[in-house]
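First up is the structure itself, then whatever we jot down about it.
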Amino acid sequence: MLAVSDARGALAEHLRYFQDLGVVGLSGDPAWSVRPVGRAAALGQAPTASVEARLPGPSEVTADASVSIAVSLFDATSATPTAGLDPAEALTAIQTDLGDCTRCKLHALGRTQIVFGVGSPTARLMFVGEAPGQDEDRQGVPFVGRAGQLLTRTIERLGLRREDVYIANVIKCRPPANRNPEPDEVTTCEPFLFRQIDAIRPKVVVALGTFAAQALLQTRDPISRLRGRVFNWRGARLIPTFHPAFLLRNPPEAQRKEAWSDFKKARALLDEE
Ligand code: URA
């Protein structure tokens, strides 16, 4: 029987294997947990195919601990390999793959344009928000509205410039009436964010707000439980903090101080070994 830590290692290795094959996303959709009968059935679900992966044999892990992974090959088939490209080239390749994306319903729900991300391809600090709002949708640049202006001021207070960091969102199209992104939209879009992060390889990622923190960390924990902590995540240190839009709503002094201490922590981590 595998210990939990061994099982995690085996799972990580398994995922790396799929990544090497060019798979760029995992689907949380329960539909993918069911192995279609036969290859023809799997291929019949074009344009996606399902691969179910299990940790080594049920005798090696307890039944409850067995892990079933559903891997969507949808994007893998069109993902340009970016290994060996410099970060700027890799970002261009990812943006080209994204194209004038119509993979999820948001393309037909009033978005003006895709908001890919902005900043230095070699940024050591990256900010990830939720989704473009009205201003971002109009300008095609993340965090340019009121919340964005607060973020820009915060970056400058940290002694950096907007051009020094990279800014992106979990999803790249504006949801109608600024509603929360829906799970299928996140599942479809997130792989492109992950590819951006893997191309840039920032040292520190700041997740702005509940939605980004929960999406990146794959948790339902509230931001109040997540902030104040530093996570090792995707080769970076991840710091969840409050969304600038929340800070604009004049929250209690204590929360504004907490946010500032999160940003300062992010800045300090940049200088650490
Ligand atoms: N809020 C976000 O989460 N992202 C933006 O780009 C703008 C506002």
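The values are calculated or read from the model by the stated rules, or taken from the named source; none is laboratory data. On a predicted model such as this, the values are computed, not experimentally measured, just so you know. Note that each Cβ is placed from the backbone with ideal geometry, even for glycine, and that neighbours are counted across all protein chains shown. Just the protein is used for accessible areas: all its heavy atoms, side chains included, with ligands, DNA and RNA removed. Shrake-Rupley method; radii C 1.70, N 1.55, O 1.52, S 1.80 Å.
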**Prompt:** Applying the selection to region 173-224, what residues are polar (S, T, N, Q) and closer than 24 Å to residue 257 by Cα?
**Reply:** 210, 214, 224
**Asked** Which one is farthest from the ligand (Cβ to nearest atom) among residues in region 128-148 that are among the hydrophobic types (A, V, I, L, M, F, W, C) and under 21 Å from residue 183 (Cα atoms)?
**Response** 128
**Prompt:** Restricting attention to region 99-122, which residues are within 16 Å of the ligand (Cβ to nearest atom) and within 18 Å of residue 197 (Cβ to Cβ)?
**Reply:** 114, 115, 116, 117, 118, 119
**Item:** Enumeration of residues in region 235-251 that are surrounded by 14 or more Cβ atoms within 10 Å (Cβ to Cβ) and away from the ligand (no atom under 13 Å from the Cβ)
**Value:** 236, 237, 238, 239, 240
**Asked** Out of all the residues in region 129-152, which are in a loop (DSSP other than H, G, I, E, B) and either of a type in the set (S, T, N, Q) or closer than 22 Å to residue 95 by Cα (or both)?
**Response** 130, 131, 132, 133, 140, 141, 142, 143, 144
**Residues within region 141-152 that are open to solvent by less than 10 Å² (accessible area, probe 1.4 Å) and either in contact with a Phe, Trp or Tyr (Cβ under 8 Å, 6 or more places away or on another chain) or without any contact (Cβ under 8 Å) to a residue 24 or more places away in the chain (or both), tallied** = 2
**Prompt:** Can you name every residue in region 122-140 that is farther than 27 Å from residue 261 by Cβ and surrounded by fewer than 17 Cβ atoms within 10 Å (Cβ to Cβ)?
**Reply:** 134, 138, 139, 140
**Prompt:** Any idea which residue in region 153-175 is nearest to residue 133 (Cα to Cα), counting only those that are open to solvent by less than 30 Å² (accessible area, probe 1.4 Å) and outside any loop (DSSP other than H, G, I, E, B)?
**Reply:** 169
**Item:** Residues (under 26 Å from residue 110 (Cβ atoms), in a loop (DSSP other than H, G, I, E, B), open to solvent by 50 Å² or more (accessible area, probe 1.4 Å) and not acidic (Asp, Glu)) located in region 176-226
**Value:** 179, 180
**Prompt:** So which residues in region 164-188 are within 17 Å of residue 136 (Cα to Cα) and out of contact with any strand residue (DSSP E or B) (no Cβ under 7 Å at 6 or more places or on another chain)?
**Reply:** 171, 172, 173, 174, 175, 176, 177, 178, 179, 180, 181
**Yes/no for residue 106 being open to solvent by less than 70 Å² (accessible area, probe 1.4 Å) and either touching an Asp or Glu at 6+ places or on another chain (Cβ under 7 Å) or in a strand (DSSP E or B) (or both)** = yes
